[in-house]
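A.B. asks: What follows is a structure written as structure tokens; I'll ask about it next.
The values are calculated or read from the model by the stated rules, or taken from the named source; none is laboratory data. No experiment lies behind these values; they were computed from the predicted model shown. Every residue, glycine as well, gets a Cβ built from its backbone with ideal geometry; the counts of neighbours run over all protein chains shown. Areas reflect the complete protein model, heavy atoms only, side chains present, ligands, DNA and RNA absent. Shrake-Rupley method; radii C 1.70, N 1.55, O 1.52, S 1.80 Å.
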Amino acid sequence: MTVKTIYSFAEGKAEWKELLGGKGANLAEMTRVGLPVPPGFTITTEACRRFFAEGEQLPEQVARELREALDDLQEQTGKWLGNPDAPLLLSVRSGAVHSMPGMMDTILNLGLNDDTVEGLAKQTGNPRFAYDCYRRLIQMFGNVVLGLDHFRFEQIMERHKQVAGLRLDTELSAKHLQAIIEEYQGFILEKSKRPFPQNPLEQLRQAVEAVFLSWNNARARVYRKIHRIPDDLGTAVNVQAMVFGNRGNDSGTGVAFTRNPATGEQKLYGEFLLNAQGEDVVAGIRTPRPIGELAESMPEVYEELMMIAKRLELHYKDMQDIEFTVEQGKLYILQTRNGKRTAQAAVKIAVDLVNENVINREEALMRIEPEMIERLLHRQFAELGERKPWVKGLPASPGAATGRIVFSADDAERWAKAGEAVILVRPETTPDDIHGILAAKGILTSRGGMTSHAAVVARGMGKACICGCEELRIDGKRKQVTAAGQTLHEGDRISIDGGTGMVYLGELPLIEPMLSAECEELLAWADEVRRLQVRTNADTPEDAKKARAFGAEGIGLCRTEHMFMDAGRLPVMQKMIMAETLAERKEALEELLPMQKEDFVGLFRAMEGLPVTIRLLDPPLHEFVPDLEELVVSQAKRESMGDVDPQQRKQQEQWIKKVRALSEANPMLGHRGCRLALTYPEIAEMQVEAIGLAAAECLSQGIPVQVEIMVPLVGHVNELKRLRQIIEGVLARHKAANGSSIAFRVGTMIEVPRAALTADEIAAEADFFSFGTNDLTQMTFGYSRDDAEGKFLHAYVEEKILPENPFMVLDRDGVGKLIRWAAEQGRKTNPQLKLGICGEHGGEQKSIQFCHEVGLDYVSCSPYRVPLARLAAAQAEIARRSQ
Ligand code: PEP
Ligand code: MG
């Protein structure tokens, strides 16, 4: 039996989302539960895929079923396509499995032609309304099906308004509209060499094909890429009997969210426009009214809408985004879907729904994308004091952003590529601007409401956005914007606060973000579920404290090299490196010792007894000395200017000699990590001594210390064996000298493939392994981590040679295999072996899932990713339980 390609709304249900798309499945579900949904049918995503497979031809089966579905709809409504006495008018809308707001095309009022428009005028007694509908159809059809520029139609209409001396579209009379329609039709014939089709069936067929084709338009492709939606899913098409929100002041159309999508507040939220049709609200062309005002203009409709909103939310157990139309006082629901929301709102809504007994904690945890948690740590402006905003708009997507203004999406992209932070300023954004929104730090528009495309898209991406800032007079051509007596030009700096809607002139300082109470609550639930511990990579007490505030349970990696980079330390470090003899080097190390001890005291204090993993010096020494080329050039300059102090010259020559001696053809594979500690053991000895002194000091003050000393870049067991002896030797001497004994563990990073392969041997010498997946990825792929991302990795991912950038998402099949092997073999030799990860992957969702699967004990990541990691670790455990 061949599978049907079209289902009426009465046949489908919510579970058929893959087949009917999100919109189609929800229309069917709402019809099933008896809500006021205008009747219609859905052409499946499968039909779309077949359309593309058959060379962009509507398959015969689909064409046949389309005629049958239409017959049924005609019977059901008592209206007929093309019949002037009772014309059936249709909307044709896209509806993919994953919601892609505004990215694909829609056609309304389909079925009107030169005859039926007369019928509609007669029937409604409102010729103006009828001609306006027809005008809109021709315009949408011309744009969507025939590919003519929307703007050209607007120009024609503008001209008619000017000639008639009118300002608003709504002032155009039926006569004006008839003249516009005639000109539209002429324009279509001239440009596309075919007339606007008078046969409504032909209109329908072409419209369906065009909506299928819009799956592949440029903005939809970009959107899919950003949201990682596969390109081969296709879209469904929903054909539905029209209802009209533009039949006078007892009609209207709007969008309602069951909760506030920006903050999560539990209150019906949305906007509507009286006497307006469908797309006027979401397209952001007219600035709509807040939904609360509907209670005044149509109290009964408002009541009913509130009731339906509650019912839909309980039915779907999530916040809904509802499109509705009121036709002559009667409410129709045109769409419902899980509403897009900011990260802040997502967390609040999930937590509130648990507290309202609608969902359970695990469901709430699974609903939040871990990346959202990271986004939640939005930056904010520092205390603003008396500072007054320049202008104010609608707070459409929270977060603070500051940057230079640009006036087109292309400019935003170009400037951002050149490294500039930009704010995109537009009258309104259209879906074609998506690349500019992506590139900008923030978006500011003069028109449109909180549900306009700019707002929806920005919220989805976690970008700061202010909409409907009506004071702004934007001149895109001259690249300038004026408000409050001030004109800004391209490149001028502004700051926007998407949480309050305030726009400030100039650049405001930003402060670090904090977690909301709801987020703390959600993460506390995550902590109860997760098995993986979460530590942080931190080198300073400040970072360590921040990470603890975010829930870190220890330091998984302290990169000690960072402690020698600051201006006070570097000269001493350089003195140590420049030393010609062991005695000289030891002298410099003596100087470094107290500084290093203070570093560790700071960390131990901040962590108050939680484990602190300190890694011995890792990078090659030349990273601490000036660049060879710079030294040579500066000396040559001096010589040429006759500036030759003999003492200085000698010193400079010594530098050059030393830097030359340190330079390596391939430093990443060179004299670094444990190799450095084995050839200059006195450096490692100083570091271990500092650890001993710091621990003793803290213990004497009653501060508990748990220290783990980590050896980097081990590839052979003997490297670790030797260094373990050195470490234990220093600590034994320390004990003998000070009488105090500190508990410590010695372990190694696993970041060289040979170490992973011989993990059974290495584990005999190690108390713990920490997978350094940055180096392990570098060495397993043979990709230089400093070069690959800038050179070829981007193209590899683009061309799908690699599924993801392996420096961001752990490569399970290669690097992952080594980790799994090392974990198993290591634990075989040493069942007590503790296992962790401290490469960048420790803060990435999919990689954390992998770490959970292979049974690591902890992940360690940068402080800002700690909350994300807590959630991802909980999700990994919930996913395992449900397998
Ligand atoms: C690693 O290689 O994964 C690691 C954590 O060390 P670093 O990035 O400092 O080389
Ligand atoms: Mg490393």
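A.B. asks: Report those helices (runs of 4 or more DSSP H) wholly inside segment 514-622 carrying at least 2 residues which are among the polar types (S, T, N, Q), within 23 Å of Lys657 (Cβ to Cβ) and modelled with pLDDT of 95 or more.
C.D. replies: Filter on segment 514-622 gives an empty set.
A.B. asks: Kindly indicate whether Gly506 is out of contact with any His (no Cβ under 9 Å at 6 or more places or on another chain) and free of Cβ contacts under 8 Å to residues at least 40 places away in the same chain.
C.D. replies: yes
A.B. asks: Also, I was wondering about something else. Does segment 798-810 contain any residue that is charged (D, E, K, R), part of a loop (DSSP other than H, G, I, E, B) and either at pLDDT 95 or above or within 16 Å of ligand 1 (Cβ to nearest atom) (or both)?
C.D. replies: So far as segment 798-810 goes, no, none of its residues is charged (D, E, K, R), part of a loop (DSSP other than H, G, I, E, B) and either at pLDDT 95 or above or within 16 Å of ligand 1 (Cβ to nearest atom) (or both).
A.B. asks: In this structure, does Glu798 turn out to be open to solvent by 50 Å² or more (accessible area, probe 1.4 Å) and within 27 Å of the chain's Cα centre (by Cα)?
C.D. replies: On the way: open to solvent by 50 Å² or more (accessible area, probe 1.4 Å): yes; within 27 Å of the chain's Cα centre (by Cα): yes.
Against the criterion (open to solvent by 50 Å² or more (accessible area, probe 1.4 Å) and within 27 Å of the chain's Cα centre (by Cα)), Glu798 qualifies.
A.B. asks: Now for a different question. When you scan segment 389-422, how many residues do you find that are without any contact (Cβ under 8 Å) to a residue 40 or more places away in the chain and under 20 Å from Cys469 (Cβ atoms)?
C.D. replies: Counting residues in segment 389-422 that are without any contact (Cβ under 8 Å) to a residue 40 or more places away in the chain and under 20 Å from Cys469 (Cβ atoms) gives 4.
A.B. asks: Taking segment 420-449 on its own, how many of its residues are open to solvent by 30 Å² or more (accessible area, probe 1.4 Å) and assigned to a strand (DSSP E or B)?
C.D. replies: 1
A.B. asks: If you don't mind, another one. State the number of residues belonging to segment 170-188 that are farther than 23 Å from Leu90 by Cα and free of Cβ contacts under 8 Å to residues at least 40 places away in the same chain.
C.D. replies: Number satisfying all stated conditions: 6.
A.B. asks: Checking the condition surrounded by fewer than 20 Cβ atoms within 10 Å (Cβ to Cβ) and of a type outside the set (Phe, Trp, Tyr), which residue from Gly826, Gly814 passes? Show your work before the answer.
C.D. replies: On the way: Gly826 fails: surrounded by fewer than 20 Cβ atoms within 10 Å (Cβ to Cβ).
One residue alone meets the criteria, Gly814.
A.B. asks: Tell me the residue from Arg745, Arg724 that is of a type outside the set (Ser, Thr, Tyr), under 18 Å from Ile837 (Cβ atoms), more than 16 Å from ligand 2 (Cβ to nearest atom) and within 46 Å of the chain's Cα centre (by Cα), please.
C.D. replies: On inspection, the qualifying residue turns out to be Arg745.
A.B. asks: Another one. Which one of Thr536, Thr560 is under 23 Å from Glu512 (Cα atoms), surrounded by 15 or more Cβ atoms within 10 Å (Cβ to Cβ) and either more than 39 Å from the chain's Cα centre (by Cα) or among the β-branched types (Val, Ile, Thr) (or both)?
C.D. replies: Thr536
A.B. asks: Same structure again: Report, by residue number, each residue of segment 246-271 that is more than 18 Å from Ile333 (Cβ to Cβ) and of a type in the set (Lys, Arg).
C.D. replies: Lys267, the sole residue that qualifies.
A.B. asks: Could you check, for segment 654-672, whether at least one of its residues is open to solvent by 60 Å² or more (accessible area, probe 1.4 Å), aliphatic (A, V, I, L, M) and within 16 Å of ligand 2 (Cβ to nearest atom)?
C.D. replies: Yes, segment 654-672 contains a residue that is open to solvent by 60 Å² or more (accessible area, probe 1.4 Å), aliphatic (A, V, I, L, M) and within 16 Å of ligand 2 (Cβ to nearest atom).
A.B. asks: In segment 729-750, how many are within 16 Å of ligand 1 (Cβ to nearest atom) and in contact with an Asp or Glu (Cβ under 7 Å, 6 or more places away or on another chain)?
C.D. replies: 1
A.B. asks: Quick one: how many residues across segment 166-201 are in a helix (DSSP H, G or I) and open to solvent by 50 Å² or more (accessible area, probe 1.4 Å)?
C.D. replies: 12
A.B. asks: Suppose we filter Leu472, Leu488 for residues that are modelled with pLDDT of 95 or more, under 23 Å from Ile437 (Cα atoms) and out of contact with any helix residue (DSSP H, G or I) (no Cβ under 6 Å at 6 or more places or on another chain); which single one remains?
C.D. replies: Selected residue: Leu488, the only one of Leu472, Leu488 that is modelled with pLDDT of 95 or more, under 23 Å from Ile437 (Cα atoms) and out of contact with any helix residue (DSSP H, G or I) (no Cβ under 6 Å at 6 or more places or on another chain).
A.B. asks: Only one of Glu542, Glu521 is within 17 Å of Ile373 (Cβ to Cβ) and open to solvent by 20 Å² or more (accessible area, probe 1.4 Å). Can you tell me which?
C.D. replies: Answer to the selection: Glu521.
A.B. asks: Among the numbered criteria (1) among the β-branched types (Val, Ile, Thr); (2) over 42 Å from the mean Cα position of the chain (by Cα); (3) within 16 Å of ligand 1 (Cβ to nearest atom), which one does Val711 miss?
C.D. replies: Only one criterion is unmet by Val711, namely (2).
A.B. asks: On to the next question. Consider Glu761 carefully, then state whether it is away from ligand 2 (no atom under 15 Å from the Cβ), more than 20 Å from Ile709 (Cα to Cα) and either open to solvent by 10 Å² or more (accessible area, probe 1.4 Å) or not aliphatic (A, V, I, L, M) (or both).
C.D. replies: Values: away from ligand 2 (no atom under 15 Å from the Cβ): yes; more than 20 Å from Ile709 (Cα to Cα): no; either open to solvent by 10 Å² or more (accessible area, probe 1.4 Å) or not aliphatic (A, V, I, L, M) (or both): yes.
Spelling it out, it is not the case that Glu761 is away from ligand 2 (no atom under 15 Å from the Cβ), more than 20 Å from Ile709 (Cα to Cα) and either open to solvent by 10 Å² or more (accessible area, probe 1.4 Å) or not aliphatic (A, V, I, L, M) (or both).
A.B. asks: Suppose we filter Asp566, Asp527 for residues that are free of Cβ contacts under 8 Å to residues at least 40 places away in the same chain, open to solvent by 30 Å² or more (accessible area, probe 1.4 Å) and more than 16 Å from ligand 1 (Cβ to nearest atom); which single one remains? Steps first, please.
C.D. replies: Numbers: Asp527 fails: free of Cβ contacts under 8 Å to residues at least 40 places away in the same chain.
Unique residue meeting the criteria: Asp566.
A.B. asks: Quick one: Ala788 ticks every box in (1) within 16 Å of ligand 2 (Cβ to nearest atom); (2) of a type in the set (A, V, I, L, M); (3) surrounded by fewer than 17 Cβ atoms within 10 Å (Cβ to Cβ) except a single one, so which number is it?
C.D. replies: (3)
A.B. asks: For segment 450-467, does any single residue satisfy the condition of being more than 24 Å from the chain's Cα centre (by Cα) and either of a type outside the set (Val, Ile, Thr) or open to solvent by 10 Å² or more (accessible area, probe 1.4 Å) (or both)?
C.D. replies: No.
A.B. asks: Specify which of the listed residues (Leu365, Leu353, Leu331) is in a helix (DSSP H, G or I) and more than 23 Å from Glu844 (Cβ to Cβ).
C.D. replies: Just a single option satisfies the conditions, and that option is Leu353.
A.B. asks: OK, next. Condition check: in contact (Cβ under 8 Å) with a residue 60 or more places away in the chain, open to solvent by 10 Å² or more (accessible area, probe 1.4 Å) and within 13 Å of ligand 1 (Cβ to nearest atom). Does Glu840 satisfy that? Give the steps one after another, and end with the answer.
C.D. replies: On the way: in contact (Cβ under 8 Å) with a residue 60 or more places away in the chain: yes; open to solvent by 10 Å² or more (accessible area, probe 1.4 Å): yes; within 13 Å of ligand 1 (Cβ to nearest atom): yes.
Spelling it out, Glu840 is indeed in contact (Cβ under 8 Å) with a residue 60 or more places away in the chain, open to solvent by 10 Å² or more (accessible area, probe 1.4 Å) and within 13 Å of ligand 1 (Cβ to nearest atom).
A.B. asks: Further, regarding this structure: So Gly782 passes all but one of these: (1) within 16 Å of ligand 2 (Cβ to nearest atom); (2) open to solvent by 30 Å² or more (accessible area, probe 1.4 Å); (3) at pLDDT below 95. Which condition number does it fail?
C.D. replies: Unmet condition: (3).
A.B. asks: Right, next: Of all residues in segment 735-756, count the ones that are touching a Ser or Thr at 6+ places or on another chain (Cβ under 6 Å) and either modelled with pLDDT under 95 or surrounded by fewer than 24 Cβ atoms within 10 Å (Cβ to Cβ) (or both).
C.D. replies: Matching residues across segment 735-756 total 2.
A.B. asks: Just a yes or no: is a residue in segment 632-651 under 30 Å from His734 (Cβ atoms) and free of Cβ contacts under 8 Å to residues at least 60 places away in the same chain?
C.D. replies: Checked segment 632-651: no residue is under 30 Å from His734 (Cβ atoms) and free of Cβ contacts under 8 Å to residues at least 60 places away in the same chain.
A.B. asks: Here is a follow-up. For segment 764-779, which residues satisfy the criterion of being away from ligand 2 (no atom under 16 Å from the Cβ) and of a type outside the set (A, V, I, L, M)?
C.D. replies: Glu765, Asp767, listed by residue number.
A.B. asks: Search segment 478-491 for residues being surrounded by fewer than 17 Cβ atoms within 10 Å (Cβ to Cβ) and of a type outside the set (Lys, Arg), and hand back the single one that is farthest from the chain's Cα centre (by Cα).
C.D. replies: Across segment 478-491, the extreme among qualifying residues is Gly485.
A.B. asks: Here's another thing I want to ask about it. Are any residues in segment 68-118 in contact with a helix residue (DSSP H, G or I) (Cβ under 8 Å, 6 or more places away or on another chain) and part of a helix (DSSP H, G or I), and if so, which ones?
C.D. replies: Once the filter is applied, which keeps residues that are in contact with a helix residue (DSSP H, G or I) (Cβ under 8 Å, 6 or more places away or on another chain) and part of a helix (DSSP H, G or I), segment 68-118 yields Leu70, Thr116, Val117, Glu118.
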